[in-house]
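**Q** Take a look at the following structure, please.
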Amino acid sequence: MDRRIATRPDALAHRTVNEIVTADPATLPVLTRHGIDTCCGGHRPLTEVCDRHGLDLATLVAELSAASS
């Protein structure tokens, strides 16, 4: 089963943190490294999480994609 996540920021922008981790658990360490958790922030879309943490969406998506491959 191919569990790799999408690599385009627009494909992940509105998915929640929990949806991303459920699709590919290998992304969890990347999110954790940036202080993003699946408990309190797991229901938030990736765009909102990036805004709250001062992260660039495209950069985070690239890191998630690298962890997923």
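**Q** Can you send over the carbon and sulfur percentage of the accessible area for the chain, probe radius 1.4 Å, protein chains only? Spell out each step's value before the answer.
**A** Numbers: 2160 of 3970 Å².
For the chain, the apolar C and S fraction of the accessible surface comes to 54 percent.
**Q** Right, something else. For residue 53 and residue 32, calculate 0.36 nm times their separation in residues minus their Cα-Cα distance, and state this gained length in nm to one decimal. Can you show the working numbers first?
**A** Details: separation 21, 0.36 × 21 = 7.56 nm, distance 1.19 nm.
My answer for the length gained is 6.4 nm.
**Q** Ok, one more. For the chain, what is Rg from Cα atoms divided by 2.2 N^0.38 Å, rounded to two decimals?
**A** Working: Rg = 10.4 Å, N = 69, 2.2 N^0.38 = 11.0 Å.
Rg over 2.2 N^0.38 Å, computed on Cα atoms: 0.95.
**Q** Give the accessible surface of segment 18-69 per residue, rounded to a whole number of Å², with probe radius 1.4 Å and ligands, DNA and RNA excluded. Numbers along the way, then the final one.
**A** Details: 2700 Å² over 52 residues.
With all protein chains present, segment 18-69 gives 52 Å² per residue.
**Q** Applying 1/(1 + (r/R0)^6) with R0 = 30 Å to the Cβ-Cβ distance of residue 39 and residue 62, what FRET efficiency is obtained, to the nearest 0.05?
**A** Working from the Cβ atoms, E equals 0.75.
**Q** What is the set of long-range amide H partners of residue 44 at a cut-off below 5 Å, with H atoms built 1.01 Å from backbone N?
**A** Amide H neighbours of residue 44, under 5 Å, 5+ apart: 17, 18.
**Q** Round to the nearest 10 and give me the degree value, 0 to 90, for the angle of helix 57-68's Cα axis relative to the longest principal axis of the chain.
**A** Value to nearest ten degrees: 40.
The values are calculated or read from the model by the stated rules, or taken from the named source; none is laboratory data. Since the structure is predicted, the reported quantities are computational estimates derived from the model, not experimental observations. Note: ideal-geometry Cβ built from the backbone for every residue, glycine included; neighbour counts use all protein chains shown. All accessible areas refer to the heavy atoms of the entire protein, side chains included, with ligands and DNA or RNA removed. Shrake-Rupley method; radii C 1.70, N 1.55, O 1.52, S 1.80 Å.
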